[in-house]
1. Which residue is surrounded by the fewest Cβ atoms within 10 Å (Cβ to Cβ), if the candidates are limited to the range 384-397 and must be within 20 Å of residue 72 (Cβ to Cβ) and not hydrophobic (A, V, I, L, M, F, W, C)?
2. Name the single residue that is farthest from residue 352 (Cα to Cα) among those in the range 265-305 being among the basic types (Lys, Arg) and touching a Gly at 6+ places or on another chain (Cβ under 7 Å).
3. Residue check, residue 234 against (1) modelled with pLDDT of 90 or more; (2) part of a loop (DSSP other than H, G, I, E, B); (3) among the small types (Gly, Ala, Ser), all met but one. Which one?
4. Could you grab me the full set of residues in the range 411-456 that are of a type in the set (Asp, Glu) and surrounded by fewer than 18 Cβ atoms within 10 Å (Cβ to Cβ)?
5. Any residue at all in the range 278-294 that is surrounded by fewer than 18 Cβ atoms within 10 Å (Cβ to Cβ) and under 18 Å from residue 229 (Cα atoms)?
6. Show me the strands (runs of 3 or more DSSP E) found entirely inside the range 334-423 where at least 3 residues are closer than 26 Å to residue 33 by Cα.
7. Taking the stated definitions as given, is residue 381 buried (at least 24 other Cβ atoms within 10 Å of the Cβ) and among the hydrophobic types (A, V, I, L, M, F, W, C)?
8. Scan the range 115-153 for residues that are of a type in the set (Asp, Glu) and closer than 14 Å to residue 102 by Cβ and jot them down.
Amino acid sequence: MKALARSLYSIVVVGCSAISAAEPLPRIPPKEPTDALKTFVVRDGFEMQLLAAEPLVTDPVAMEYDENGRAYVAEMRDYPYTDKASDKPFVERTKDEPLGRIRLLEDTDGDGRFDKSTIFAEGLSWPTGLALWKGGVYVVATPDLWYLKDTDGDGKADERRKVLTGFRKFNVQAVINNLKWGLDGKIYGAGSSNGGQIRRGDAPDSKRIAMTTADFRFDPRDEAGSFEVLSGGARFGNSFDDWGNRFICNIRNPIQHVVLPRHYLARNPHWPARSALHDVAEAGDTIPVFRRSSPEPWRVMNARRLTNDATIASPRSESVAAGYMTSACGLTVYRGSAYPPEFYGTIFLCEVAGNLIHHQILKPKGVTFTSQRSDSQSEFVASTDNWFRPVNFVNAPDGTLHVLDMYRETIEHPWSIPDDIKAQLDLESGRDRGRIYRLAPVGFKPPKLPTLGNATTVELVRLLQHSNVWWRETAHRLLFERQDPVAVPELRGTLLCPETQMRQIQNLAPDPRELCPLHALHLLSSMHALSNTDLLGVLSLWIRTPGLREHAVLLAEPRLAAQPNLLDRVLKTAQDDSARVRLQVAFSLGAVTRRNDDGS
């Protein structure tokens, strides 16, 4: 594989050695969807299946499935700019015409492929993330956070409400993105590095919250009032594992774990924490990647310039045309049910510049994680088509990962390309194209579409034990939306049955019955039905499931100062065998002042 990569690079270098920036650079033509399928080299036992292509979808960068299997897709048609004539480097893009759209895709005949496409909403600026809520969808579209809803059943949003605004519209590759539901009933967004002064969308004079390089979250029940800046700063990628650990990526930092929450760090401004993040994987410019496509001629030319100019300091991933990770994005923890069990909990990454999908195995290490590539000499998916631009994934209802392919001739940021080379390129080429694939086991046949919109409350509680995260998280969201008291005894019952404690299988998917009480804890809390007895029971009974104890301590935190029995139990948990549990105990005890018997 290394020899192949070197050969490809050498061929292109020779081919480009006589080309100067004053001469036209060779163009690479696109491939039609059926031909593009033939360009993939996929890990043994897997294949790429086409789900949708233009004109059904264009420029897909984010996607979410609703409870009935319909897909909302964010189409970033205004990447990297609206109009080349008005593009100026390092200038805020406040006056660009918003070209982005939200597309609603449906599979009406049940064959596992989309056949109906409706423009749900348009006129959005740089839409890059979605989260479903009460029949509608939140959309991050810099500089705004919107809530959109179809109220008359025609598949088009007729309710359009600007929830928040003030996110800075500056660097197109550093915008807010990838909204994800947390266990706590809050929606988490990657904030990247543009920053901003965030305020209510309907109140220009409302309080502003300063945001720099950070992530954010909000509670949909109190949208503006609950907005909170978080540790992070993900460039494009935001994913949870089963136990609520959040992972992000930042181009040349392919996997980062958010270890230290900002609100805990704020208690002690004198502690000089170097970073709230831990680099789980090696730096991108030290990770070899094995692309199957030849580096684009412009990329070879630019790399040669950087190599020959000693006055320019650049990472290795830029000073060579190919061979290292330069554009990690779309980080996703696989949590589905269709792949062999050893893939559960591993991380998939898009290397969009290299036309490939990279795979890393995640392993716990102390309070955080480490990772390594799953194959030392190849990628999970690589294409010979330079237009293949995977940018994101979805843990889908069918148990597989669905791959969003923006399908562009050039994906680079216009600010990072020298002007004379950029003049030879069409950075809008492909704006009318886009594909969505299913990364599936060979011969995979998708199951029937879900119909959870009609599920009863009791049925939804039972789905919290499903082996596929989409079903668990969708059931969790619907229960959170309904706030149905019928759910309370059903949820509470899952906390008192530690029937899986003898499981000691390592590095496989957790038993869903261990995850059901985790969801139950947070749902009971959101319904104001979580009792001290519930928390004490989890801390005492689930002796082989440290993740549950960790979350029980977290949820006990606001009660500790007023509940001596609970505080005493948490203090004992400070000796827990799990480093993660001990860390949460330290976080939670940090705000507690315990009084002595004399009241001092």
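1. Going through the qualifying residues, I end up with 395.
2. It comes out as 267.
3. In the conditions (1) modelled with pLDDT of 90 or more; (2) part of a loop (DSSP other than H, G, I, E, B); (3) among the small types (Gly, Ala, Ser), residue 234 misses (1) alone.
4. The answer is 419, 420, 426, 432.
5. Within the range 278-294 (the criterion being surrounded by fewer than 18 Cβ atoms within 10 Å (Cβ to Cβ) and under 18 Å from residue 229 (Cα atoms)), the answer is no, since none of the residues qualifies.
6. Correct list: 347-351, 356-365, 381-383, 390-395, 401-405.
7. So residue 381 fits the description; yes.
8. 122, 144, 150
The values are calculated or read from the model by the stated rules, or taken from the named source; none is laboratory data. Computed from a prediction, not measured in an experiment: that's the story for all the values here. Here the Cβ is made from the backbone with ideal geometry for all residues, glycine too, and neighbour counts use every protein chain on show.
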